[in-house]
Amino acid sequence: MNKGVYIALFSIGLAQGLKIPIHYFRKKEFRPELFFQTGGMPSSHSAGVSSLTTFIALKRGIPTVDFALSLIYGLIVMYDAQGIRRQTGELTLKVNSMNELIEKIHKEESLEFEQEKAPKKLREMLGHQPAEVIGGAMLGVLTGTIGYLFSKKR
């Protein structure tokens, strides 16, 4: 595998790992499972594509097709992470609150038949706020630059 892939994967893992202490600092709640979830600060999507784009820019140059492909792909990924996926997360919040309302209504009614098992609550943290995307992009640029500097010395 090439160094760019390693750097991007490292950047994604680092962003996922940073979500735990950042969440703890903000909410005073230790949640190690955030490492395996989407959404939150920083965006691992942004970190991954930004680190790869930065590495390619430094290694191959900005006027190359490699850089152009990576940049356009990265912009699409970051737009999607904070746009479409975020909207999906907001819709999920509404669906979950409707389920809670329906459960309250069912509890208030006296039902003679056995209730169906309630559906699982949908995951609400799917996309990113713009600040989370920017945070991931900044982490990615830093990781890509450091990765390039380390690979240059070898």
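Taken together, the values in this text are just the output of simple stated rules run on the coordinates, not laboratory data. All of these numbers come straight from a predicted model, not from anything done at the bench. All Cβ positions, glycine included, derive from the backbone under ideal geometry; neighbour counts span all protein chains shown.
Things to note:
- Within region 28-66, the set of residues being touching a Lys or Arg at 6+ places or on another chain (Cβ under 6 Å) and assigned to a loop (DSSP other than H, G, I, E, B) comprises just one member, Gly40.
- Residue within region 19-34 that is within 14 Å of the chain's Cα centre (by Cα) and touching a residue at least 60 places away in the same chain (Cβ under 8 Å) present: no
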